[in-house]
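Below is one structure, written out as structure tokens; the observations come after it.
The values are calculated or read from the model by the stated rules, or taken from the named source; none is laboratory data. The shown structure was predicted, so the numbers you read here are calculated from the model rather than taken from an experiment. Methodologically, a virtual Cβ is constructed for each residue, glycine included, from the backbone with ideal geometry; neighbour enumeration extends over all protein chains shown. Surface areas here come from the heavy atoms of the whole protein model, side chains and all, with no ligands, DNA or RNA. Shrake-Rupley method; radii C 1.70, N 1.55, O 1.52, S 1.80 Å.
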There are 2 protein chains.
Amino acid sequence: MTRHITSKELSEMDKQERVHVINSLGGFKSVVLVGTSCQKLKPNVAIFSSLFHIGANPPLVGLVFRPTPPERDTYSNILATGRYTINHINESIYRQAHQTSARYEKGISEFEMTGLTPTYLDDFSAPYVAESHLKFGIQFREKIDITINHTTLLIGEIIQIYIPETCLEKDGFINLEKANTLTCSGLDSYHRTIQLDRLSYAKPDKEITSLLKD
Amino acid sequence: MTRHITSKELSEMDKQERVHVINSLGGFKSVVLVGTSCQKLKPNVAIFSSLFHIGANPPLVGLVFRPTPPERDTYSNILATGRYTINHINESIYRQAHQTSARYEKGISEFEMTGLTPTYLDDFSAPYVAESHLKFGIQFREKIDITINHTTLLIGEIIQIYIPETCLEKDGFINLEKANTLTCSGLDSYHRTIQLDRLSYAKPDKEITSLLKD
């Protein structure tokens, strides 16, 4: 049986229920830790599931910010310093990563509260998460206000990358499963993945084939 | 061993290799089929991995469009008709879904070429994918030009939803694994998932717990 939910039913739904439905509906999401520091160099880390790819040349990613805490600390740090790090979440840290979403008082470091370890790499001013296997550093480029619901899109350029050698395949594909990168769904569900296949570039007159060796 | 890639190395990298690296780097992504029709009602379907959640009230999602075909058919159909559908991809259709990314001639329906079945539900003008288990209909709301790399963000409001009853949990969470929804990474890798846990709402002074029954 299929449940059909109309726009009217959605607007009359209990608020928390609607939040779960709509957050689940978009499918599996990237889930990462964003590392920042304020100008006094206090390290901050927060979990985000709104990271998305914008383009490869220049290498750009977007992050959506809601107008409420705790995301606002990350937001104001990015605008103040121009730098932030993106750190993939693996099975050994996903509970700590989730805990960073608690509304700690301003000035309290989620690193200290959750036991995640800040680490500074190659003179980049924002902290990385030491426990993360795959991470990259961003230079802030552009802020776009999404007026329709008072959220903000921050666009940044990837300027340094750290990848375990074993995860980087010959053609540039990164094997996220070898890095134990997780995905999330809804507000609170964490998942590991099992690769089904890599498929060849699709062409109108050609059957697609598997890129994986037998 | 960790491979460190600097901004300079990234800009000097072979173009295709960079495309793979940057597309992989953002982590696992939502992968969906977007159904549209032009004003003459010819159904069109295309795969996208750039869908992201913008907010729950109003229920908004974003999609990023590159300035090149074949995405431009979907883009112009959305601007012309204001309506589109989002259809989750499951294991039985991911190869056909991937094939929709081929650059077919304008006027050729990817539905016909791939064997996916268009279906029209509750007088909604855009076609759904019959083989998809979880799908929803969107009303276009706002276009934002991302001038930094000539891409475009289209924001739409979710106005109808179809969910298998068995996937919808009491609190509104949608069990995507029961719908066999897949995730993707990079440009061409498809994955199913295994849920690790659902975690309780994080609070500063409280240990997080599992929301799953033992």
Give the residue that is least open to solvent (accessible area, probe 1.4 Å), with candidates limited to residues of region B:49-80 that are touching a residue at least 24 places away in the same chain (Cβ under 8 Å) and aromatic (Phe, Trp, Tyr). B:PHE65
Selection from region B:159-179 of residues under 23 Å from B:PHE124 (Cβ atoms) and more than 7 Å from every other protein chain (Cβ to nearest Cβ) yields B:CYS167, B:ALA179
Region A:1-27, residues that are open to solvent by 20 Å² or more (accessible area, probe 1.4 Å), at the interface with chain B (Cβ under 7 Å from one of its Cβ atoms) and of a type in the set (Ser, Thr, Tyr): A:THR2, A:THR6, A:SER7
Checking B:THR85 against (1) under 30 Å from A:GLU169 (Cα atoms); (2) surrounded by 23 or more Cβ atoms within 10 Å (Cβ to Cβ), which test does it fail? (1)
Within region A:141-174, restricting attention to residues that are open to solvent by 60 Å² or more (accessible area, probe 1.4 Å) and touching a residue at least 60 places away in the same chain (Cβ under 8 Å), which residue is farthest from B:SER185 (Cα to Cα)? A:HIS150
Hey, could you check region B:46-72 for residues that are out of contact with any Lys or Arg (no Cβ under 9 Å at 6 or more places or on another chain) and within 7 Å of chain A (Cβ to nearest Cβ) and say which is nearest to B:GLU110 (Cα to Cα)? B:VAL64
Considering region B:83-99, residues that are outside any strand (DSSP E or B) and touching a Ser or Thr at 6+ places or on another chain (Cβ under 6 Å), and then whichever is nearest to the other protein chains (Cβ to nearest Cβ), we arrive at B:GLN99
Residue under evaluation A:ARG95, criteria (1) at pLDDT 95 or above; (2) more than 17 Å from the chain's Cα centre (by Cα); (3) open to solvent by 20 Å² or more (accessible area, probe 1.4 Å), criterion not met: (2)
Which of the following residues is more than 8 Å from chain B (Cβ to nearest Cβ) and surrounded by 22 or more Cβ atoms within 10 Å (Cβ to Cβ): A:SER210, A:SER132, A:SER109, A:SER125? A:SER132
Being more than 7 Å from chain A (Cβ to nearest Cβ) and in contact (Cβ under 8 Å) with a residue 24 or more places away in the chain is the filter; apply it to region B:184-203 and report the residue that is surrounded by the fewest Cβ atoms within 10 Å (Cβ to Cβ). B:LEU187
